[in-house]
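To start, the structure itself, in structure tokens.
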Amino acid sequence: MSNFKDAQNKAHPNKTNTLMSALIVILILNVSMQIWLLYTGLNNALGQNRDIALPAFIASLVLFLIGFFWLYFLPMGYRKNKKK
Amino acid sequence: MSDQTEKEPNWKQDFPIERTQSTKVSRRDFARFLCLVSGGLAAGSAYVAVKANFFPPEEVKGEHFVCKAMEVPLGGTRSFVVEGSNIPYILIRLEDGNWRAYEQKCTHLSCAVYYKPGSGQIVCPCHEGFFDAMTGEVLAGPPPRPLPALEVLLNGDDVYVKAASPGHNKNITLKT
């Protein structure tokens, strides 16, 4: 029985190539935003402004979860089923 | 065991990883690594949030004697440490007679700052950070925050410091 991953793995290499690039670009964007959030949260916490740290953490966690579930769409390429 | 394995030298059986496999990072692995970094950053933010909300830094309690006023000339400074803490502070007697006390650690990368006599500026020599000696505010350079200040009190000829009043970042102007 075929599912989404099977269909994706059989897709044309051009398609998986584009998908992979898009995935990586979005992950890099997420990480960039998280670096900014960590910097801002830390800077404000050290400057006795503690209200920023918690929202920054929540936003960072949401971005991580997005990135984590994003990996489901990672093309796995052709699986080697043949055993020597 | 297959015939091929028998032909391979022993070291290949012990370390059956090809050179390309050990040196090449696929885009798939890179995406997974980015996700790992993302998790690390989220954990870092969690640490900052917990530390800021549940373990705030302790403030200086009570008044602490630093030195006699006559020991510090106009434009002069004196380093001191408050009892029960190892944070270095710097006491400054400005040219106009005002007293100021700041943490001696630059808010950029914790280098020791010093007062430049006659300029009204506190300087961090590491990366050319400049602070206003009157207020502790950043004038130039990479420091992201003002220098944490203490309030200076004069009791006769004795100089005392205490924690800056809440909502009052700047020291009270006291003239001798």
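The values are calculated or read from the model by the stated rules, or taken from the named source; none is laboratory data. This is a predicted model, so every value here is computed, not measured. Don't worry about glycine lacking a Cβ; one is built from the backbone with ideal geometry, like all the others, and counts go over all protein chains shown. Remember, those area values only see protein heavy atoms, side chains included, never the ligands or the DNA or RNA. Shrake-Rupley method; radii C 1.70, N 1.55, O 1.52, S 1.80 Å.
Tabulated values for the structure
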{"read-out": "Most mobile of B:SER38, B:SER79, B:SER26 in a GNM of chain B (Cα contacts under 10 Å)", "value": "B:SER26"}
{"read-out": "Computed accessible area, B:GLU103, all protein chains, 1.4 angstrom probe, square angstrom", "value": "30"}
{"read-out": "Cysteines without a disulfide-compatible partner [chain B; Cβ-Cβ under 4.7 Å]", "value": "B:CYS35, B:CYS67"}
{"read-out": "Gap separating the Cα centres of segment B:13-84 and segment A:1-58, nearest whole Å", "value": "22"}
{"read-out": "Other protein chain Cβ atoms within 10 Å, averaged over every residue that makes up B:144-151", "value": "2"}
{"read-out": "Nearest-10 value in Å² for the accessible area of B:VAL82, using the 1.4 Å probe", "value": "10"}
{"read-out": "Charge context of B:LEU91, other residues only, Cβ under 9 angstrom, K/R +1, D/E -1", "value": "+3"}
{"read-out": "Rg followed by Dmax, in Å, when chain A is reduced to its Cα trace", "value": "18.8, 64"}
{"read-out": "Listed residue pairs exceeding 24 Å between alpha carbons, taken from B:LYS68/B:LYS116; A:LYS15/B:LYS24; B:LYS61/B:LYS105; B:LYS51/B:LYS116; A:LYS10/B:LYS7", "value": "B:LYS51/B:LYS116; A:LYS10/B:LYS7"}
{"read-out": "Intensity falloff of the protein assembly as shown expressed as log10 I(q)/I(0), Debye formula with alpha-carbon point scatterers, at q = 0.07 Å⁻¹", "value": "-0.47"}
{"read-out": "Using alpha-carbon coordinates, inclination of helix B:27-54 to the longest axis of chain B, degrees", "value": "30"}
{"read-out": "Probe 1.4 Å, all protein chains present, accessible-area order of A:TRP70, B:TRP11, largest first", "value": "B:TRP11, A:TRP70"}
{"read-out": "Calculated diffusion of segment B:3-54, Stokes-Einstein form, Kirkwood radius summed over Cα pairs, 10 °C and 1.306 mPa s, µm²/s", "value": "107"}
{"read-out": "Burial of 20 Å² or greater, segment A:48-74 residues [accessible area, probe 1.4 Å, versus chain by itself]", "value": "A:GLN48, A:ARG50, A:ALA53, A:LEU54, A:PHE57, A:SER60, A:PHE64, A:LEU71, A:LEU74"}
{"read-out": "Rel. contact order, % - alpha carbon contacts under 8 angstrom, at least six apart, chain A", "value": "39"}
{"read-out": "Kirkwood hydrodynamic radius over Cα pairs of segment B:64-163, then Stokes diffusion coefficient at 37 °C and 0.692 mPa s, in µm²/s", "value": "244"}
{"read-out": "Translational D in µm²/s for segment B:116-170 (Stokes-Einstein at 37 °C, 0.692 mPa s, Kirkwood Rh from C-alpha pairs)", "value": "262"}
{"read-out": "Which of B:ASP157, B:ASP96, B:ASP14 is most accessible, then next, and so on - probe 1.4 Å", "value": "B:ASP14, B:ASP96, B:ASP157"}
{"read-out": "Inter-chain shielding of A:28-40 (mean C-beta neighbours from other protein chains, 10 Å cut-off)", "value": "4"}
{"read-out": "Surface accessible to a 1.4 Å probe, A:THR18 within the full protein complex, Å²", "value": "90"}
{"read-out": "Cα-derived Rg over Rh, computed across segment B:29-96 with Rh taken as Kirkwood radius", "value": "1.33"}
{"read-out": "For chain B, the fraction of alpha-carbon pairs in successive 5 Å shells from zero, as %", "value": "1, 7, 12, 14, 13, 9, 6, 5, 5, 4, 4, 4, 4, 4, 3, 2, 1, 1, 0, 0"}
